[in-house]
1. Return the only residue of Gly191, Gly171 being surrounded by fewer than 24 Cβ atoms within 10 Å (Cβ to Cβ) and either polar (S, T, N, Q) or in contact (Cβ under 8 Å) with a residue 24 or more places away in the chain (or both).
2. Looking only at the range 62-83, decide whether some residue is over 30 Å from His216 (Cβ atoms) and among the basic types (Lys, Arg).
3. Would you point out the residue of the range 115-135, among those that are under 25 Å from Val89 (Cβ atoms) and at pLDDT 95 or above, that is surrounded by the fewest Cβ atoms within 10 Å (Cβ to Cβ)?
4. Which one is farthest from the chain's Cα centre (by Cα), of the residues in the range 11-43 that are of a type in the set (Lys, Arg) and part of a loop (DSSP other than H, G, I, E, B)?
5. Please indicate, with yes or no, whether at least one residue in the range 21-33 is touching a residue at least 12 places away in the same chain (Cβ under 8 Å), farther than 20 Å from Val237 by Cα and of a type in the set (Gly, Ala, Ser).
6. Evaluate the range 173-185: report whether one residue or more is at pLDDT 90 or above, under 30 Å from Arg12 (Cα atoms), under 21 Å from the mean Cα position of the chain (by Cα) and among the β-branched types (Val, Ile, Thr).
7. Taking into account only those residues within the range 279-319 that are modelled with pLDDT under 85 and charged (D, E, K, R), which is surrounded by the most Cβ atoms within 10 Å (Cβ to Cβ)?
8. When Asp258 is evaluated against the numbered criteria (1) more than 23 Å from Cys226 (Cα to Cα); (2) at pLDDT 80 or above; (3) surrounded by fewer than 16 Cβ atoms within 10 Å (Cβ to Cβ), which criterion, by number, is the only one it fails?
Amino acid sequence: WAPRLETLAPDRDLDAHRRRGGDVVVPGDPRWPAALDDLAAAAPHALWTLGGGDLAAALDGSVAVIGARACTAYGERVTAELTAGLVDVRRPVVSGGAYGIDAVAHRTTLRCGGRTVVVLAGGVDRPYPAGNARLLAEVVASGGTLVSEVPPGSVPSRSRFLQRNRLIAAGGSVTVVVEAAWRSGALNTAGTAATLLRPVGAVPGPVTSSASAGCHRLMREGVAACVTGVEDVLELVAPAGSDLRPAAPEVAARRPVDALDEVHARTLDALPVRAWAVEESVSRVAGLALAEVRAALGRLELAGLAERSEGRWRRRTVRDGRVRTGPDRARTNPDGPGSG
C-alpha cells in the first residue's frame with residue numbers, strides 16, 4: 001500500500017467527483033442522515049453521492065424494499081404493487097440496485113414518479129451490475145440518489161456488499177423483504193434492521209418456492225411481520241392509533257398511556273419496573289410476536305416510556321411530573337441490568 005499512498009490525491013479526486021455532479025457528506029453536515037448514527041461504531045465516516053441533493057431528506061421516512069436477485073414473477077408483481085403504493089403515500093424507496101427485486105423496486109418508483117435511493121457496494125461512478133447501468137442513470141436523471149461509503153473508482157466485492165447492507169437497514173425506517181432464499185443477503189439486511197430496532201416485514205409466498213424460504217424463516221423466527229400489501233407496510237412505519245414520535249422526556253411523561261394502540265399498550269404493560277427483561281420474555285408476557293414487540297419497544301423508547309441497557313428492557317415510570325427509570329436505580333440495581 002505504501003507505493004499506492006504516494007499516488008493518492010484526494011483533493012483532485014473530490015474536485016473531479018463534484019464536476020460530475022457528485023458530492024461527499026460527512027457526519028455533522030445537515031444533509032447527513034441521522035438514522036445512520038444508530039450504527040454507532042459501525043457508522044460510515046463519509047458517504048459519496050451522485051444525483052439528488054439533500055441525502056437526509058431523500059432517506060427521511062424511506063422504506064427499504066429488498067429481496068432475491070433471482071426473483072420469480074410473483075415476487076416482481078408484489079414488489080411493483082408495494083412500491084407503487086409507497087409512492088402514492090410519498091414514501092421514498094431505498095434498495096441496493098441489484099437485479100431482481102431491487103431493480104423492480106427502483107424501476108417502479110421511477111415509473112410512478114417517486115423518489116428512490118440506490119445504495120451501492122462500489123463507487124457511484126461504477127454502475128453495478130453493468131446490466132442496470134441504464135436504470136442507475138435514470139435514477140440520477142429523475143432526481144434520485146446513488147450513494148456509497150467507498151470512493152469513486154472502488155470495485156464492488158463480497159465484503160462490500162455485506163457492509164452495504166447495513167446502510168440499507170439503517171437508512172430505511174422499515175425494511176421489507178419480498179423474496180429471499182434460505183441463505184440470502186436480504187436476510188443479513190433484515191437481521192441488521194431488527195438489531196437496530198427497525199420494523200421488518202416479509203412477504204409470504206408459496207411453501208413450495210425456495211425463493212420465499214427466507215421470508216418464511218424471518219416470520220417463523222419472529223424477526224419479521226407478515227406483509228401482504230402496502231397497508232401492512234404503513235402499519236409497521238406508524239401503527240394505527242399511535243403517535244409515538246420522538247419527544248422530550250417531560251413531554252413523554254405527560255402523554256397518556258391510553259393513547260397507545262393495543263400492541264404498544266400490551267408491550268408496555270409487560271415491561272417490569274424494577275428488574276430488566278429480555279425481548280423474548282416481554283414477548284411471552286405480552287402474548288405478542290417477537291417482531292411486534294421489537295418494533296413496539298423501539299417506539300416506546302423514543303416516546304420516553306421504556307429504556308434499554310445491554311439488550312434488556314424495563315418501563316420508565318412517571319413521578320412528580322418527571323420520567324424516572326425505576327424507584328431508585330442506584331440502590332435497586334447496583335450491578336447493572338439483569339441483577340434486579
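The values are calculated or read from the model by the stated rules, or taken from the named source; none is laboratory data. Since the structure is predicted, the reported quantities are computational estimates derived from the model, not experimental observations. With ideal geometry, Cβ positions are generated from the backbone for all residues, glycine too; neighbour counts draw on all protein chains shown.
1. On the way: Gly171 fails: surrounded by fewer than 24 Cβ atoms within 10 Å (Cβ to Cβ).
Of Gly191, Gly171, the one residue that is surrounded by fewer than 24 Cβ atoms within 10 Å (Cβ to Cβ) and either polar (S, T, N, Q) or in contact (Cβ under 8 Å) with a residue 24 or more places away in the chain (or both) is Gly191.
2. Here is the first cut: in the range 62-83, the ones over 30 Å from His216 (Cβ atoms) are none.
Looking for residues that are over 30 Å from His216 (Cβ atoms) and among the basic types (Lys, Arg), one finds none in the range 62-83, hence no.
3. Within the range 115-135, the first condition is being under 25 Å from Val89 (Cβ atoms), and the residues that meet it are 115-119, 135.
Checking the rest, the ones that are also at pLDDT 95 or above come to 116-119, 135.
Details: Thr116: 30, Val117: 29, Val118: 30, Val119: 26, Leu135: 19.
Within the range 115-135, the match that is surrounded by the fewest Cβ atoms within 10 Å (Cβ to Cβ) is Leu135.
4. So the first thing to find is which residues in the range 11-43 are of a type in the set (Lys, Arg), and the list is 12, 18-20, 31.
From the residues that got through so far, the ones that are part of a loop (DSSP other than H, G, I, E, B) too are 20, 31.
Values: Arg20: 29, Arg31: 18 Å.
My answer is Arg20.
5. Filtering the range 21-33 for residues touching a residue at least 12 places away in the same chain (Cβ under 8 Å) gives 21-27, 30-33.
Restricting the remaining residues to those that are farther than 20 Å from Val237 by Cα gives 21-27, 30-32.
In the following step, the residues that additionally are of a type in the set (Gly, Ala, Ser) were identified as 21-22.
Yes, the conditions are met somewhere in the range 21-33.
6. no
7. Arg299
8. Looking at each condition in turn, Asp258 falls short on (2).
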